[in-house]
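Each remark here refers to the structure printed beneath this line.
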Amino acid sequence: MPESTRMSLPCEPCRRCVFHAWQLIDGDELLWRAEWQCDTCAFGAPDTCNRDEGPGPAPGHVRAAVVAAEGTVLVDLRGGGVPALRAVRKVLGTTLAELHAAVRDGYRATPVEAALIRRLVTGSTGAGSTGAGAAAPE
Ligand SMILES: [Zn+2]
């Protein structure tokens, strides 16, 4: 795995610091959040340098942490029409070539990504219900 993501953090985590990362669904958008937690140093304190979050596909090191914690599931994209695939591409930030490969071979998604993709591909927009972002089961 090409994992050379070296973050330029203003301070260093200690050996007991644990990196937590997760993804969330907000409407039809993917969000990610990451933070350090530690019981020995103050690195995990709020309002310090530890917390990070953003919209869209998770950065490589964040996604890697999510995958390490939750694993991946293979999502079948073949049932999706063009609008669905366009939405998937936007959500995941994939290139067109990656999307073609994903349609052919399936896509290795995190559970949260899979839940959102499934919703986009199956187009469960008909009801227009705003069911408050039921997250993927633990
Ligand atoms: Zn620490």
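The values are calculated or read from the model by the stated rules, or taken from the named source; none is laboratory data. Just so you know, these numbers come straight off a predicted model, no measurement behind them. Cβ coordinates were reconstructed from backbone atoms using ideal geometry, including for glycine residues, and neighbour counts include every protein chain displayed. Heavy atoms of the whole protein, side chains included, go into the accessibility calculation; ligands, DNA and RNA do not. Shrake-Rupley method; radii C 1.70, N 1.55, O 1.52, S 1.80 Å.
The fraction of accessible area contributed by carbon and sulfur in region 73-122 is 58 percent, rounded to a whole number (1.4 Å probe; ligands and nucleic acids excluded). Charged side chains reduced to their Cβ positions (Lys and Arg at +1, Asp and Glu at -1) give region 15-114 a dipole of some 320 debye around its Cα centre. Modelled spin-label separation between Glu29 and Cys41, with each label point placed 7 Å from Cα along the Cα-to-Cβ direction: 3.3 nm.
Any idea what the dipole of region 73-122 comes to, in debye rounded to 20, about its Cα centre with Lys/Arg Cβ at +1 and Asp/Glu Cβ at -1?
Working: 8 positive and 4 negative charges, 30 e Å.
Magnitude of the dipole: close to 140 debye.
How much FRET efficiency would the formula 1/(1 + (r/R0)^6) give for Cys14 and Arg108, where r is the Cβ-Cβ distance and R0 is 35 Å, rounded to 0.05? My answer for the efficiency is 0.60.
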